[in-house]
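Down below is the structure, laid out as C-alpha cells.
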Amino acid sequence: MRMRRVLVTGMSATGKSTALAALGRLGFRVVDTDSPTWSEWVPAADRGEWLWREDRLSELLASDGASTLYVSGCMSNQGTFYDRFDAVVLLTAPAEVILDRISTRATNDYGKTPGERDLILSDLASVEPRLRATSTHVIDASRPIDDVVAALIAIGDQ
C-alpha cells in the first residue's frame, strides 16, 4: 500500500507545529517545513517571503514509508505540490484565538510586534480564503489539540 501524504496548512498560530509534534509522538512521520532545511528566504522589492525549497520537497514527497507522512507549512509556492498530496488540510481559527496564542507562545517569536500582528491579520483576511478554496479538508483548530490530531489521523487513514 502506498504511503499517504497529508499537507497541514494554515495561518500562523493555528497549531500546525503543535499538531505535527503530537503526530510525531504517536509514531507518524512528520516534517515541519518552517525551517531553513525545507524553506528559504527570497527577498523581494516589497517584503520578501519564505518559499519551500522545491528540490527538497520533491525528494521528500517522492520517498516512501510505512506510515502516513504529515507535512506542515504555509508558503506561496505550496500549490506546486498539491497534486503530490492525498489531502490538503487547512487548520483555521478565529483572529482572537490566533492573537491570543501568539501572545502566549514561547516557541516562536513571530507575531510579537504590532507590525507582525497587523500582517497576520491581513494575511488571515487575504490568504486564508485562497487556502480554504484549495483545501480538501478544513479543521477548526480552536478545538482542543487532541481533537485536531484525531481529525488529522482520520484524514490520513482515508
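The values are calculated or read from the model by the stated rules, or taken from the named source; none is laboratory data. Note that the coordinates shown come from a computational prediction; the quantities given were computed from them, not determined experimentally. Because the Cβ atoms are built from the backbone with ideal geometry, glycine has one as well, and the counts that use them run over all protein chains shown. Heads up: the accessible areas ignore ligands, DNA and RNA and are worked out on the full protein's heavy atoms, side chains in. Shrake-Rupley method; radii C 1.70, N 1.55, O 1.52, S 1.80 Å.
The table for this structure:
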| quantity | calculated |
| --- | --- |
| The range 3-111: antiparallel DSSP beta bridges as a percent of all, rounded to 5 | 25 |
| Accessible surface of Y82 - all protein chains present, 1.4 Å probe, nearest 10 Å² | 50 |
| Whole-angstrom Cα spans of the range 24-102 along principal axes, big to small | 40, 31, 21 |
| Theoretical gain in end-to-end length, A106 to A44 [0.36 nm per residue, Cα-Cα removed] | 19.4 nm |
| The range 2-59 versus the range 139-155: alpha-carbon centroid distance in Å | 18 |
| Shape parameters for the range 52-98, alpha-carbon atoms, Rg then Dmax in Å | 12.9, 39 |
| Computed log₁₀ I(q)/I(0) - Debye formula, equal Cα scatterers, no solvent, the range 1-57, q 0.13, 0.22, 0.27 Å⁻¹ | -0.43, -1.01, -1.22 |
| Which label in (i) 16.1, 60; (ii) 16.8, 50; (iii) 15.1, 48 gives the computed Rg and Dmax of the Cα atoms in Å | (iii) |
| Contour minus Cα-Cα distance for R2 and S76 (0.36 nm per residue) | 23.9 nm |
| About the Cα centre, charge dipole magnitude for the range 90-158 (Lys/Arg +1, Asp/Glu -1 at Cβ), debye | 100 |
| Heavy atoms of D118: accessible area, 1.4 Å probe, square angstrom to 10 | 100 |
| Heavy-atom SASA rank of V31, V97 (probe 1.4 Å, accessible area, largest first) | V97, V31 |
| Calculated from backbone phi, Karplus (6.51, -1.76, 1.60) coupling profile of the range 35-43 in Hz, x at Gly/Pro | 8, x, 5, 10, 9, 9, 7, 10, x |
| Span per principal axis, largest first, for the Cα atoms of the range 101-158 (Å) | 41, 27, 15 |
| Local net charge near A66, Cβ-Cβ under 15 Å (Lys/Arg +1, Asp/Glu -1) | +2 |
| Percent carbon-and-sulfur accessible area, the range 6-111, ignoring ligands, DNA and RNA, probe 1.4 Å | 52 |
| Net dipole in debye of the chain [+1 Lys, Arg Cβ; -1 Asp, Glu Cβ; about Cα centre; nearest 20] | 280 |
| Built amide H within the under 5 Å cut-off of S39, gap 5+ | R53 |
